[in-house]
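Report on the following structure.
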Amino acid sequence: MSLFDKVKASAGIGNAKVDTRISNSTAKQGGQVAGEVVIKGGSVEQQINSISISVETSVLVEHDDRKYRQDFQIQRVKVSEALTIGAKEEKVLPFSFTLSYEAPITTGKSEVWLDTVLDVPFAVDPKDKDGIKVAGTEAAEKMLAAIQELGFTLKSVTNLKSRQTKSGLVQEFEFYPSPDFRKHFTELEVIFLSDTTGTTVFIEMDHKAKGLGGLLAQALDMDESRLSMRIEKRDTSSVTELARELRDVLLRNVR
């Protein structure tokens, strides 16, 4: 093993390579993500301190009246402790982890991906990026279908930072109202917060959206009370029944 080869590897030339292969390209919030991390040795033997996978998305932020997207880590999972990869050697490491309930549903412009990183001392860390699709919990998906059944049209989906969630992220859905509700409000905002027992649906009816992400995401951070519905995991309501319940809630609270 020449000194020149070591120097090249430290600069990323002839370094080990990583390829993450996901078994399920679609995962549900709170569901399992599984696959394997394939490491291929480079031109020299290398020590790897650890291997980790980060679940990431992007959030919309605002600074100095400028809005832009920023990468955001939802959770981080360690795949392996320290190991050595020989020159030209290949190692396959299986992994499986529970996806955070706060991983955003991949709809609209919302994307989620896995970042796999090999922590290699004194060298450029090899990385791999793989997109995945995220479906909502059964309750969240049923509520989205119920909103559509009531005639609402999706306007936008935005990932935002929040102090009220474990990951620091919320996903806000904004809908144009159906004809029955246009005289009452101009926009319906919805946020889902799910856990192991069910999903809480936060709802806001806006006459005029204000600021980044509308009013509902701001309200959550200010601990203000907003309309909410709780759907337990054991709930067997149909989409039509849920739509009827949502309609009643909205009509009782229109201004």
(message) Between region 149-195 and region 103-124, how far is it from one alpha carbon centroid to the other, in angstrom?
(response) 25
(request) Please identify every one of the GluC sites (Glu not before Pro) in region 62-97 that sits in a loop by DSSP and has no more than 16 other beta carbons within 10 Å of its own beta carbon. (result) E81, E89
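I'd like the projected area of region 3-135, averaged over all directions, using the convex hull of its alpha carbons. Report it in nm² with one decimal. Intermediate values should be presented prior to the final figure.
Values: hull surface 37.1 nm².
Dividing the Cα hull surface by four gives the mean projection, 9.3 nm².
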(message) Which one, L193, N49, P121, projects farthest toward the positive side of the charge dipole computed for the chain from Cβ point charges (K/R +1, D/E -1)?
(response) L193
(message) Which of D235, D248 has the fewest other C-beta atoms within 10 Å, and how do the rest follow up to the most?
(response) D248, D235
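So how do Y101, Y176, Y68 line up by other beta-carbon neighbours within 10 Å, fewest first?
On the way: Y101 21, Y176 15, Y68 10.
The fewest-first ordering by Cβ neighbours comes to Y68, Y176, Y101.
Would you mind working out the magnitude of the charge dipole of the chain relative to its Cα centre, with +1 at each Lys and Arg C-beta and -1 at each Asp and Glu C-beta, to the nearest 20 Debye? Mind dumping the intermediate values first?
On the way: 34 positive and 38 negative charges, 49 e Å.
The calculation lands at about 240 debye.
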(message) Quick check: from the Cα gyration tensor, does region 24-76 come out rounded (a/c under 1.5), prolate or oblate?
(response) oblate
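What per residue convex hull volume, in Å³, comes out for the chain when only alpha-carbon positions are used?
Numbers: hull volume 34.8 nm³, N = 255.
So the per-residue hull volume is 136 Å³.
So which of K28/K67; K78/K109; K109/K166; K91/K129; K67/K161; K127/K161 end up more than 20 Å apart, counting from Cα to Cα? Present the calculation step by step, with values, prior to reporting the outcome.
Numbers: K28/K67 29 Å; K78/K109 28 Å; K109/K166 23 Å; K91/K129 18 Å; K67/K161 13 Å; K127/K161 25 Å.
Beyond 20 Å between Cα atoms: K28/K67; K78/K109; K109/K166; K127/K161.
Read the figures in this text as sums done on the coordinates, not as results from a lab. Values in this document were obtained by computation on a predicted structure and should not be read as measured data. Neighbour counts run over all protein chains shown; Cβ positions are idealised from the backbone, glycine included.
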